[in-house]
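A short write-up of the structure that comes next.
The values are calculated or read from the model by the stated rules, or taken from the named source; none is laboratory data. Computed from a predicted model, the values in this text were never measured in an experiment. Positions of Cβ are backbone-derived with ideal geometry, glycine not excepted, and every protein chain shown enters the neighbour counts.
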Amino acid sequence: MHLSGNFSADLQRFAADLRDLRARSGMPSYRAVARAAHYSHTAISEAARGRELPSLPVTLAFVSVCGGDVEQWERDWRLLSEEVHRQQAGAGATDFPSSPWPTRPVADGVDPEEADCARDAVTVHSRRIAFDGRPTIVGQIELRYSGRVHAAWGRFEGYGFLDYLAVKGADVQIIVDAVRELDNTRTSFRYPYSFDYHWSEVVVTGRGLFYACATVVVDGERSAYGETDRFELA
């Protein structure tokens, strides 16, 4: 995707390409796309209107059910998302909100919000996670890193099918870990699925390799697992 530098125009083109993809797929309506993608009709139709950039999970679900090239669309989405952040930063509109809690010193096992890690965090690597033995993508695990405070943690984002299971009453639990391989330190946190990001506590970075992993447990049974690549982090 070539960006013109005009975010509004690029966003409109992105949305128009989504509309064209749906039309070529033969999907009769956005409601049909929503049913197949396990997202609401509103989320799917708004993605194609071009008023704001849809979330990555919504975009990929839309593209997947319409037979598009998911990897290419993900690259295009990330380019457009980076442009959003650049323009907002240039306008001075992205002062990062302060944590509601007092800042704690960075140490193994501290929540990244309490350690003020998110202010300059980057995603070092991410990987989509599928149900064990099934071609159903349920989310993605990210290795997050703050070079300013030398900390890494895992972050999981669920996709539409997990939303669907939770709404239907399944007991969906998410376990997110960050691992420092040098001494096998692992910080782990388990949450009931909450339709939002889930993250682990931090590990202090330095020597050795680091990675993040996530386990999805449905009705007491492990249903999906995935981990990021391993990286040296200063």
Please indicate, with yes or no, whether at least one residue in region 191-198 is surrounded by 19 or more Cβ atoms within 10 Å (Cβ to Cβ), touching a strand residue (DSSP E or B) at 6+ places or on another chain (Cβ under 7 Å) and touching a residue at least 60 places away in the same chain (Cβ under 8 Å). no
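Is at least one residue of region 1-8 at pLDDT 85 or above and among the hydroxyl-bearing types (S, T, Y)?
Quick first cut of region 1-8, residues at pLDDT 85 or above only: none.
No, region 1-8 has no match at all.
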Residue satisfying condition, being at pLDDT below 90, of a type in the set (A, V, I, L, M) and in contact with a Lys or Arg (Cβ under 8 Å, 6 or more places away or on another chain), within set V179, V122: V122
Just one of the numbered conditions (1) modelled with pLDDT of 95 or more; (2) on the phi < 0 side of the Ramachandran plot is not true of Y164; which one? (1)
Let me confirm something: among L60, L80, L143, which residue is closer than 19 Å to H198 by Cβ, in a helix (DSSP H, G or I) and either outside the structural domain of F156 (by TED's automatic domain parsing) or at pLDDT 90 or above (or both)? L60
What are the residues in region 212-234 that are charged (D, E, K, R), in a strand (DSSP E or B) and farther than 17 Å from Y197 by Cα, if any? E221, R222, E232
Which ones in region 160-185 are within 19 Å of H125 (Cα to Cα), under 21 Å from the mean Cα position of the chain (by Cα) and either in a helix (DSSP H, G or I) or not hydrophobic (A, V, I, L, M, F, W, C) (or both)? D177
Return the total of residues in region 110-136 being touching a residue at least 40 places away in the same chain (Cβ under 8 Å), surrounded by 14 or more Cβ atoms within 10 Å (Cβ to Cβ) and not hydrophobic (A, V, I, L, M, F, W, C). 6
Among (1) surrounded by fewer than 19 Cβ atoms within 10 Å (Cβ to Cβ); (2) over 16 Å from the mean Cα position of the chain (by Cα), which single condition is R78 missing? (2)
Looking only at region 181-234, how many residues end up being among the hydrophobic types (A, V, I, L, M, F, W, C) and in contact with a helix residue (DSSP H, G or I) (Cβ under 8 Å, 6 or more places away or on another chain)? 3
